[in-house]
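Chemist: Pasting a structure here, questions to come.
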Amino acid sequence: MNKISITKKITITAMFIALSYALTYLFHYLKLAPFPSVPFLTYDPKDILICISGFILGPWVAAGISVGV
């Protein structure tokens, strides 16, 4: 099993945080709703990226990303 170097892990974590911020901005501030007919239902796509980062880098990194976002 290959270990990920610390620098690569920090870089991937920063990329996940940046993508989470971008998706949050796109969906919340630009008012992109998955169901325009039902405005009270919201969608938060950053949680998907947090789950993917948890599977790739481990649960502690996912917890750090969720705190960072």
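Chemist: Go through Ser37, Ser66, Ser20 and list them by solvent-accessible area, largest first, probe radius 1.4 Å. Show your work: numbers first, answer last.
Modeler: Details: Ser37 105, Ser66 60, Ser20 0 Å².
Ranked list, largest accessible area first: Ser37, Ser66, Ser20.
Chemist: Quick one: how many Å² of Ile17 are accessible to a 1.4 Å probe, rounded to 10?
Modeler: 40 Å²
Chemist: Taking 0.36 nm per intervening residue step and subtracting the Cα-Cα distance, what contour gain separates Lys8 from Val67 on full extension? It would help to have the intermediate numbers written out before the result.
Modeler: Working: separation 59, 0.36 × 59 = 21.24 nm, distance 2.00 nm.
Using 0.36 nm per residue and subtracting the Cα-Cα distance, I get 19.2 nm.
Chemist: If you take Cα extents along the principal axes in Å from the coordinates, which of (i) 36, 25, 21; (ii) 48, 18, 17; (iii) 41, 32, 19 do you get?
Modeler: Answer label, from the structure shown: (ii).
Chemist: Test of understanding: what is the full-extension gain from His28 to Cys51, defined as 0.36 nm times their sequence separation minus their Cα-Cα distance? Don't jump to the answer; show the numbers that get you there.
Modeler: Numbers: separation 23, 0.36 × 23 = 8.28 nm, distance 1.97 nm.
Here the segment from His28 to Cys51 would lengthen by 6.3 nm.
Chemist: Just how much of Val67 is accessible, in Å², when a 1.4 Å probe is used and the result is rounded to the nearest 10?
Modeler: Rounded to the nearest 10, that gives 120 Å².
Chemist: For Tyr21 and Phe40 in the same chain, what is the full-extension length gain: residue separation times 0.36 nm, less their Cα-Cα distance, in nm? Working shown, then result.
Modeler: On the way: separation 19, 0.36 × 19 = 6.84 nm, distance 2.15 nm.
Residue separation times 0.36 nm, minus the Cα-Cα distance, leaves 4.7 nm.
Chemist: Could I ask something else about it? I'd like the accessible area for Leu19, computed on protein heavy atoms only with a 1.4 Å probe and all protein chains in place. Round to 10 Å², please.
Modeler: 90 Å²
Chemist: Below 8 Å, C-alpha to C-alpha, sequence gap of six or more: please give me the relative contact order for the chain in percent. Don't skip to the end; give the middle numbers.
Modeler: Numbers: 47 pairs, mean separation 23.6, N = 69.
Rounded, it is 34 percent for the chain.
Chemist: For segment 37-69, state which chymotrypsin sites (Phe, Trp or Tyr not before Pro) are in a DSSP loop and have at most 15 other beta carbons lying within 10 Å of their beta carbon. Please list the in-between numbers first.
Modeler: Values: sites: Phe40, Tyr43, Phe55, Trp60; in loops: Phe40, Tyr43.
The qualifying sites are Phe40, Tyr43.
The values are calculated or read from the model by the stated rules, or taken from the named source; none is laboratory data. Quantities reported herein were computed from a predicted structural model and do not represent experimental measurements. Here Cβ is always computed from backbone atoms with ideal geometry, including for glycine, and neighbour counts include all displayed protein chains. Surface areas here come from the heavy atoms of the whole protein model, side chains and all, with no ligands, DNA or RNA. Shrake-Rupley method; radii C 1.70, N 1.55, O 1.52, S 1.80 Å.
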